[in-house]
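Asker: For reference, the structure I am asking about is given below.
Derivation of every value follows stated rules applied to the coordinates shown; laboratory data play no part. On a predicted model such as this, the values are computed, not experimentally measured, just so you know. Don't worry about glycine lacking a Cβ; one is built from the backbone with ideal geometry, like all the others, and counts go over all protein chains shown.
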Amino acid sequence: MQLSPEMTTLVLDADGVVQSVPSGWISRIEAFLEPNADRQAFIDELFAAERPCIVGKSDFATVLEDLLKRWGSSTDIAEALSVWEDIVPATEILDCVAGIRAKGITVCLATNQQAYRYRHMSQGLDYDRRFDRILVSCELGVAKPSEAFFDRVMGDLRARSGEVLFLDDKADCVRAARRCGMLAERFELSEGRQRFEALLAQYGMAAAQS
């Protein structure tokens, strides 16, 4: 493998790489409905309705409230929205991120998110402080795995090809990132900290030792 003489930037996906949702997350959404409702149909419609929000074309709170009304749900919109705040940060990975930043390497998130969940991540989970930048689909207007997403990210970072390492848990996103000039590898949170650190060391990005 031919590596860049100086890797300047690490870009990470969010869900499945630095955070996860707790077990039972879908069950919390299903609880919005009456007992005899078609839960799978509701979930499918909900995620389809969320897609335009992920690229900033619709407001998620409005979309969700309208959907709940159409399905005859009595769930309060604030209670329903709180489900999208149910995120478990991967503390071991975030500790590694802090060590990498301590070496002077820029560490960013590049993630598909609608604005409501993004605000919670950036402010409620303190990701604005934990990362140098958050590049998010609802602001970029495009989502992964579109190559346009990665072109926007590279443009915003003003980085040269070969200086940026991107990690994502989805293979199609890794392939798209490579086509846009990033070095990219697949990483799933379930693989753990040791695998994460091994990937970084492979590209000369080992975390600073405390």
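Asker: Rounded to the nearest 0.05, what FRET efficiency is calculated for E185 and I77 with R0 set to 41 Å and r the Cβ-Cβ distance?
Answerer: Calculated value: 0.55.
Asker: On to the next question. Using a Gaussian network for the chain with springs between C-alpha atoms less than 10 Å apart, which of these wobbles most: A143, A61, A198?
Answerer: Judging by the Gaussian network model, the answer is A198.
Asker: Ok, one more. In sequence order, what are the phi-derived ³J(HN,Hα) couplings for segment 124-136 according to the Karplus relation 6.51 cos²θ - 1.76 cosθ + 1.60 with θ = phi - 60°, rounded to whole Hz, with x for glycine and proline?
Answerer: Taking θ as phi minus 60°, the curve returns x, 9, 6, 5, 4, 8, 6, 10, 5, 8, 10, 9, 10 Hz for segment 124-136.
Asker: Another question, then. Using a Förster distance of 25 Å, how high is the FRET efficiency between R119 and T91, based on the Cβ-Cβ distance and rounded to 0.05?
Answerer: Using R0 = 25 Å, I get an efficiency of 0.70.
Asker: Two decimals, Cα atoms only, Kirkwood Rh: what is Rg/Rh over the chain?
Answerer: Checking Rg against Rh, the ratio lands at 1.01.
Asker: Per-residue HN-Hα couplings for segment 54-68, Karplus 6.51 cos²θ - 1.76 cosθ + 1.60 at θ = phi - 60°, whole Hz, x for Gly and Pro?
Answerer: 5, 10, x, 9, 9, 8, 5, 4, 5, 4, 5, 4, 4, 5, 4
Asker: Among E197, E34, E163, which one moves the most in a GNM of the chain with springs linking Cα atoms closer than 10 Å?
Answerer: Largest GNM mean-square fluctuation: E34.
Asker: Taking the Cα atoms only, what angle lies between the long axis of helix 91-102 and the longest principal axis of the chain, rounded to 10 degrees?
Answerer: 40
Asker: Among 113-122, 187-196, how do they line up from the highest to the lowest mean number of other beta-carbon atoms within 10 Å?
Answerer: Ranked by mean Cβ neighbours within 10 Å, highest first: 113-122, 187-196.
Asker: Under unit Cβ charges (Lys, Arg +1; Asp, Glu -1), what dipole magnitude, rounded to 20 debye, does segment 1-66 have relative to its Cα centre?
Answerer: Roughly 180 debye, rounded to the nearest 20.
Asker: Further question: Run through the DSSP bridge list for the chain and note the antiparallel percent, rounded to the nearest 5.
Answerer: 10
Asker: Okay, next question. Between A198 and K170, what FRET efficiency follows from the Cβ-Cβ distance if R0 is 22 Å, with the result rounded to 0.05?
Answerer: 0.65
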